[in-house]
Amino acid sequence: MKAPEPSLEWEITTKCNYRCSYCCQKPFIGKASLEHCSDATVEAVFKLLKELPGRWLVKLIGGEPMIHPRFLEICQFIAASNHDLVITTNFSLPFPRIEQLIQVTGERLTVLTASLHLEEVRDLELFIQKAVTFNQAKHPRTTFVVTSVCLEDKFDNLRAVADRLDRAKIRFAFQVLKVDGKYVGYQNPAVEAYIADKLNDNTATLQSFNSYGTLCHTGELFFRINTSGDAVRCFNAQPLFNLGNVTDGSFRRFESARPCLSQRCTCTVPINRGMIEFGNKADAGQIAVAQIEGRVRDYRRKLTRRIQALSLPD
């Protein structure tokens, strides 16, 4: 089993310049909550990054992270803190902006994933040329991947793009379409056959895996921070989920692996970072303790928010 790779995801903005019909963030983001991460939260996360033990993999997500006004500064700070940086972007910004990213991060930019959204891309040739140019200009340590959600009506176009990028020695990976957090099957058998070996790593494993009760290091060695500083264990809401808030100082990581309390793990990030202890199930007592711990954490979080609300000036 792969050793856990300490990692965190930081949602620095919920704003995006695209409006994809299949966006996985839609269920979590309402129009009223579109915002950039505030300066107070940025500084709080900077402080946290200095305090984390060892080197962590820090992934910036959105929304579209590159449109945050402090994006390059954030990237530069992460690189200077000797952590590794991972970015998922729709790759829509002009190349000079992306070139600045290469300059300020150097070898600390370990992965850049460019998400291709054919619903929104107006100039596919420009996207491909930008990908080729980036692949030539990036630091040798940087892994570059182009991904796309596989939509059946766009399959022929995506296959053509995949073939072109393959000739340019750029990896192309498909993501299976998810609706309401569940993987969707494809009507055309040719689609399933073609994308089978081009999916994000471990997609097939998760599609048939019941994660409930399995010990997992999310919350200890992996967590997610949103734009307001709220931190959660992973991607699947469950009784043991909340880790507090980085901005107000209530954030606390778990001290060890905890049982997963969700029936399904719907994202490949934890498994690819070595967080899941396959075959190591918690017993009924451990699961009960985890459920109680989750309720206590939720209560403390609600109490903290009430106290903060009462202390606000009229």
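Just to check your reading of the model, which residue among C20, C37 is within 16 Å of the chain's Cα centre (by Cα) and either in contact (Cβ under 8 Å) with a residue 12 or more places away in the chain or outside the structural domain of F155 (by TED's automatic domain parsing) (or both)?
C37
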inquiry  = Against the condition out of contact with any strand residue (DSSP E or B) (no Cβ under 6 Å at 6 or more places or on another chain), at pLDDT 95 or above and surrounded by 17 or more Cβ atoms within 10 Å (Cβ to Cβ), how does K130 come out, does it pass?
reply    = yes
inquiry  = Please count how many residues of region 162-213 are in contact with a Cys (Cβ under 9 Å, 6 or more places away or on another chain), more than 14 Å from L151 (Cα to Cα) and in a helix (DSSP H, G or I).
reply    = 1
remark   = For region 156-178, pairs from a residue that is among the acidic types (D, E) to a residue that is part of a strand (DSSP E or B), with Cβ under 8 Å and 6 or more apart or across chains, are D166/F172
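Conditions (1) crowded, with 18+ Cβ neighbours inside 10 Å; (2) under 16 Å from V58 (Cα atoms); (3) of a type in the set (G, A, S); (4) in contact with a Pro (Cβ under 6 Å, 6 or more places away or on another chain), marked per residue:
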{"position": "F77", "(1), (2), (3), (4)": "yes, yes, no, no"}
{"position": "A80", "(1), (2), (3), (4)": "no, yes, yes, no"}
{"position": "L85", "(1), (2), (3), (4)": "yes, yes, no, no"}
{"position": "I98", "(1), (2), (3), (4)": "yes, no, no, no"}
{"position": "R141", "(1), (2), (3), (4)": "no, yes, no, no"}
{"position": "V146", "(1), (2), (3), (4)": "yes, no, no, no"}
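Is it the case that some residue within region 251-261 is in a loop (DSSP other than H, G, I, E, B), farther than 30 Å from F46 by Cβ and modelled with pLDDT of 90 or more?
yes
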remark   = Exception for E11 within (1) among the charged types (D, E, K, R); (2) modelled with pLDDT under 95; (3) surrounded by 19 or more Cβ atoms within 10 Å (Cβ to Cβ) falls at (2)
key: Residue under evaluation G62, criteria (1) modelled with pLDDT under 95; (2) surrounded by 19 or more Cβ atoms within 10 Å (Cβ to Cβ); (3) closer than 27 Å to E255 by Cβ; (4) of a type outside the set (F, W, Y), criterion not met   = (3)
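The values are calculated or read from the model by the stated rules, or taken from the named source; none is laboratory data. Keep in mind the model is a prediction, meaning the values are calculated, not measured. Because the Cβ atoms are built from the backbone with ideal geometry, glycine has one as well, and the counts that use them run over all protein chains shown.
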